[in-house]
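Asker: Before we start, here is the structure in question, set down as structure tokens.
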Amino acid sequence: MAERKKAIQTLGKRKRAIARATVRPGSGQITINSKVLDLIEPKYIRMRLREPLMLAPAELTGKVDVDINVTGGGIWGQADAARTALATGLVKWSGSKELRQTYHDYDRTLLVSDSRRTEPHKPSRSTAGPRRTKQQSKR
């Protein structure tokens, strides 16, 4: 009897957005916040979310279902976080070093979450920004 894989959970982050992906055996359906990937708007975000699927072999993407739950951030941050979670989940599911290398060569952010965060505002100028100083006058 063939060994059945259990579900794999992965995480993706971008700015304030956090995506949690669950990869399990299935028929190739991808859902993001209970919405099918083909219904995601605008189309540029949908295209960006499809990149890991286009680079992966068709026999892999047709055998797994991926449920992604994304919270926080804006729509682009959520899209990039979901993209990272999806690609990481596919790599972990397949265990393929070739797929990992393909993703890494195409775009490193497919596998590595973006660690950049906004700089906190400093005291006494909290509304002006973190590095704002008083404007100088020559006279």
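Every read-out reported here was derived from the displayed coordinates using simple, explicitly stated rules and does not represent laboratory data. From a predicted model like this one, the values you see are computed outputs, not experimental measurements. Virtual Cβ from ideal backbone geometry, glycine too; neighbours counted across all protein chains shown.
Asker: What trypsin sites (Lys or Arg not before Pro) does the range 33-94 have in DSSP loop regions with at most 16 other beta carbons within 10 Å?
Answerer: K63
Asker: For the range 25-55 and the range 56-110, what is the separation of their C-alpha centers, rounded to whole Å?
Answerer: What the calculation gives is 10 Å, centre to centre.
Asker: Also: Using Cβ contacts closer than 10 Å as the measure, can you line up I75, I40, I32 from fewest to most?
Answerer: I75, I40, I32
Asker: To the nearest 20 Debye, how big is the dipole of the chain about its Cα centre, given +1 on the beta carbon of each Lys and Arg and -1 on that of each Asp and Glu?
Answerer: The calculation lands at about 1220 debye.
Asker: Give me V36, V91, V70 sorted ascending by neighbouring Cβ count inside 10 Å, so fewest comes first.
Answerer: Least crowded to most crowded, the residues run V36, V70, V91.
Asker: Among G129, G74, A19, flag the residue with its Cα farthest along the positive direction of the charge dipole of the chain, charges on Cβ as +1 for Lys/Arg and -1 for Asp/Glu.
Answerer: So the residue we want is G129.
Asker: Give, as a single signed number, the net charge of other residues whose beta carbon lies under 11 Å from the beta carbon of R132, with Lys and Arg counted +1 and Asp and Glu -1.
Answerer: +4
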